[in-house]
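Since the structure comes first, as structure tokens, the remarks are kept for the end.
The values are calculated or read from the model by the stated rules, or taken from the named source; none is laboratory data. All figures in this text were calculated on a predicted structure; none of them were measured in a lab. A quick note on method: Cβ atoms are made from the backbone with ideal geometry, for glycine too, and the neighbour counts reach across all protein chains shown.
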Amino acid sequence: MQGLEQLLLTGPPWAGIALWAFVGLFVGSFLNVAIHRLPLEGETVSFPRRSRCPDCRTELTWKENLPLVSWLFLRGRCRSCGWSIPARYPAVEALTALLWGLSAWSVEPRSWGDWGMVVLFSTVLAGLVVATFVDFACFEIPDEVSIGGMFAAVVFSLALPGVHEGTWVARAVAEGAGGQVDRFGALLGCLAGMAVGGGVLWVIGWIGTKAYGTDAMGFGDVKLLAAGGGFVGPGGALAALMIAAMVASVAGIGNMLRFLCLSRARARSRGRSGGWQRSLRVARIAGRYLPFGPYLALGIGIVLLYWNHVLVLFG
Ligand SMILES: [Zn+2]
């Protein structure tokens, strides 16, 4: 135990980072379960107890349940029924390991308080991974992540007020009290971040609904940015939204081009050379259905880990 303490607090930084990334690998394995089960009725992350093949329902042995290794060893197939295990499973495990490693790297922990911050960053990033993959698969963001995230933001802000060191509301309170961001300031920064993050998306959605007559913004996105704002404060929430909007527009244009190419290829194979108008219309309608949650998650994650660098970007 003392050896571990020595390694984590005074050992070479890469050792702590590597160890934390390794823990992240197993967390990623658990996140796969959450991503699969949260949208399903009647299943929770703890029920049923053992992991099963989603196709033939055979319970997995521990050997078939090791992150990354099992997928490679089984060559991406269920041992019982041959169901091809989606690449999403190893991808989520590798991504979580990477993000957990990044959390430790960005903090460079040298005390237990620092490690507390690493845990906070890693927890938020894990939630964002779940939100991202569920939104891609089902066009919804589970309340367990968004509403759960809001509660977590309050608890973490009180436990680790330092998370709001870059939040102007918290800093203003700290200056009044002469220095360090305290629990009260952090709580105010958290609540302000939730109000601004959720509020701005809600207003954008409301305007969009008035302008287009359809739901422009899912309420899941509103709740997700509210939760994110609880961790990065009001300015951070706006920066996260800007990053999300920029990346989503690029992805949106790419998506429309993809549908345009598909539609052209189909028209050509049917021997129609014209019909550009029609292809463009198809691409515009089909390309519109992109979930926004993954881009919000990306923005929140970037701001959470690299707020100081983001501030430089936005002047
Ligand atoms: Zn199976």
(request) Output the residues belonging to the range 110-143 that are among the charged types (D, E, K, R), farther than 16 Å from Val92 by Cβ and assigned to a helix (DSSP H, G or I). (result) Asp114, Asp143
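May I ask you to list the residues in the range 166-179 that are under 15 Å from Gly236 (Cα atoms) and either modelled with pLDDT of 95 or more or in a helix (DSSP H, G or I) (or both)? Walk me through it before giving the result.
From the range 166-179, those under 15 Å from Gly236 (Cα atoms) are 166-171; that's our starting set.
If the condition is that a residue be under 15 Å from Gly236 (Cα atoms) and either modelled with pLDDT of 95 or more or in a helix (DSSP H, G or I) (or both), then Trp168, Val169, Ala170, Arg171 are the ones that fit.
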(message) Looking at the range 7-24, can you tell me whether even one residue there is at pLDDT 85 or above, within 15 Å of the ligand (Cβ to nearest atom), in a helix (DSSP H, G or I) and surrounded by 17 or more Cβ atoms within 10 Å (Cβ to Cβ)?
(response) no
(message) Among the numbered criteria (1) touching a residue at least 60 places away in the same chain (Cβ under 8 Å); (2) within 16 Å of the ligand (Cβ to nearest atom); (3) of a type in the set (Gly, Ala, Ser), which one does Ser106 miss?
(response) (2)
(request) Give the residue that is surrounded by the most Cβ atoms within 10 Å (Cβ to Cβ), with candidates limited to residues of the range 33-62 that are within 15 Å of the ligand (Cβ to nearest atom) and not in a loop (DSSP other than H, G, I, E, B). (result) His36
(request) Read through the list (1) at pLDDT 80 or above; (2) surrounded by 15 or more Cβ atoms within 10 Å (Cβ to Cβ), then give the number of the only condition that Leu257 fails. (result) (2)
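Residues checked against (1) surrounded by fewer than 16 Cβ atoms within 10 Å (Cβ to Cβ); (2) basic (Lys, Arg); (3) touching a helix residue (DSSP H, G or I) at 6+ places or on another chain (Cβ under 7 Å):
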| residue | (1), (2), (3) |
| --- | --- |
| Phe133 | no, no, yes |
| Cys138 | yes, no, no |
| Ser146 | no, no, yes |
| Leu158 | yes, no, yes |
| Gly176 | yes, no, no |
| Val181 | no, no, yes |
| Gly193 | no, no, yes |
| Gly199 | no, no, no |
(request) Give me the pairs, please: first residue somewhere in the range 70-99 and in a helix (DSSP H, G or I), second residue anywhere and of a type in the set (Ser, Thr, Tyr), beta-carbon distance under 8 Å, and either six or more positions apart or on two chains. (result) Trp71/Tyr89; Glu93/Ser29; Leu99/Ser122
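A quick yes/no check of all residues on (1) of a type in the set (D, E, K, R); (2) in the same structural domain as Cys190 (by TED's automatic domain parsing); (3) modelled with pLDDT of 95 or more; (4) under 15 Å from the mean Cα position of the chain (by Cα):
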position: Gly101; (1), (2), (3), (4): no, no, yes, no
position: Phe121; (1), (2), (3), (4): no, no, yes, yes
position: Ala126; (1), (2), (3), (4): no, no, yes, yes
position: Ile147; (1), (2), (3), (4): no, yes, yes, yes
position: Ala153; (1), (2), (3), (4): no, yes, yes, yes
position: Leu158; (1), (2), (3), (4): no, yes, yes, no
position: His164; (1), (2), (3), (4): no, yes, no, no
